[in-house]
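What follows is a single structure, written as structure tokens, with notes after it.
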Amino acid sequence: MEAGFKKKLIPNEKYGTLKSVALYALSLDETKRQNFLAASKYLNQACHLSPDFVPAALDLAQHFKNEGQLERAKKTLKEIWRCHPTYDVAKAYLALFKNETPLEQVL
């Protein structure tokens, strides 16, 4: 992919998306191996390259939640919500705050 980009076979606007999908696939492989640090690194890179890539953002937010970093998870989900306000994003956001009332969850 890098060679195709350097030779201008892959346009700039597609390169970020393609690379973020590849990084997401690497994160899934690392998760299967239970190497969560490497998986989160790939997810961070995927989200940085393509901020509107919902699967990577959801997995990154879940990683932050598992690590007890609720504010980072909340921020990640709010960022993806701006681009893609979907049911899956809303469900993940509300799951962060199960012990709060619905009104407290959205404030």
(request) Using only protein heavy atoms and a 1.4 Å probe, report how much of Glu30 is accessible, in Å² to the nearest 10. (result) 30 Å²
(request) Would you tell me the accessible area of Lys65, worked out with a 1.4 angstrom probe on the heavy atoms of the protein chains, in Å² to the nearest 10? (result) 70 Å²
(message) What does the extension gain come out to for Arg82 and Gln34, with contour length at 0.36 nm per residue minus their alpha carbon separation?
(response) 14.2 nm
(message) Rounded, prolate or oblate, given the Cα gyration tensor of the stretch 15-107, with a/c below 1.5 counting as rounded?
(response) oblate
(message) Probe radius 1.4 Å, ligands and nucleic acids left out: which of Phe53, Phe36, Phe64 has the largest accessible area, and how do the rest follow?
(response) Phe36, Phe53, Phe64
(request) Using only the Cα atoms of the stretch 36-79, build the gyration tensor, take square roots of its eigenvalues as a ≥ b ≥ c, and label the shape rounded, prolate or oblate: rounded if a/c is under 1.5, else prolate if a/b is larger than b/c, else oblate. (result) oblate
(message) Between Lys98 and Glu71, what is 0.36 nm times their sequence separation minus the Cα-Cα distance? Round to one decimal in nm.
(response) 8.3 nm
(request) Quick one: order His84, His63 from most to least accessible surface, probe 1.4 Å. (result) His84, His63
(request) Could you order Leu28, Leu43, Leu37 by accessible surface area, starting with the largest, using a probe radius of 1.4 Å? (result) Leu37, Leu28, Leu43
(request) State to the nearest 20 debye the size of the charge dipole of the stretch 45-107 about its Cα centre, where the only charges are +1 on K and R beta carbons and -1 on D and E beta carbons. (result) 60 debye
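The values are calculated or read from the model by the stated rules, or taken from the named source; none is laboratory data. Since we're looking at a predicted model, the values are computed, not measured. Ideal geometry is used to build each Cβ from the backbone, glycine not excepted, and the neighbour counts take in all protein chains shown. Areas reflect the complete protein model, heavy atoms only, side chains present, ligands, DNA and RNA absent. Shrake-Rupley method; radii C 1.70, N 1.55, O 1.52, S 1.80 Å.
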